[in-house]
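To keep things clear, I will list the structure first and then write my remarks on it.
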Amino acid sequence: MALGVMDAISSGHSKMTNNEVVIGGIDWTPEAIKKIQEKKMDASVGGHFMQAAWALVKIYDHHHGINVFTKSANTVTYDLEVITKRNVEQYIAIAEHIDWSSIDFKRFSLFHNQKIKEHDFSFKRVIEQIK
């Protein structure tokens, strides 16, 4: 939808200009990330496509005897992240074709990294592996 709004403004179907509106969306499509890089779009919130991978890491750890499904008021599984013009260069690798088999998901496992006490499902750690 954000890309559609951007197109409508750019095509002259609106009296507004890109300087008068803030355009943001949900989903880190390659096109949206590139539009942020080109400063035609302001932000995109995403990361939810990794939910299945994070769930599998937690299931793996649970299978190996680590109690990862205890919930408390302060439990956060993962955070969605926002890409803006300030940080788009950190995320540009996501706009490219990614060979997901090159990601070592054991790096996220508590079972394989017993010195860490909680999961770190940050995209920074994923992007480090795909660069």
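The values are calculated or read from the model by the stated rules, or taken from the named source; none is laboratory data. Please read these numbers as outputs of a predicted model, since none were measured by experiment. No Cβ is skipped: glycine too gets one built from the backbone with ideal geometry, and neighbour counts run over all protein chains shown.
Those helices (runs of 4 or more DSSP H) of the range 1-90 in which 3 or more residues are at pLDDT below 90 and surrounded by fewer than 17 Cβ atoms within 10 Å (Cβ to Cβ) occupy 2-10. Filtered by the rule that a residue be in contact with a Lys or Arg (Cβ under 9 Å, 6 or more places away or on another chain), among the aliphatic types (A, V, I, L, M) and within 17 Å of Trp28 (Cα to Cα), the range 89-131 gives Ile92, Ala93, Ala95. Pairs meeting the criteria (first residue in the range 50-62 and over 17 Å from His112 (Cβ atoms), second residue β-branched (Val, Ile, Thr), beta carbons under 8 Å, at least 6 apart or on different chains) are Met50/Val126.
Consider the range 99-131 and keep the residues that are aliphatic (A, V, I, L, M) and farther than 16 Å from His48 by Cα. The one that is surrounded by the most Cβ atoms within 10 Å (Cβ to Cβ) is Leu110.
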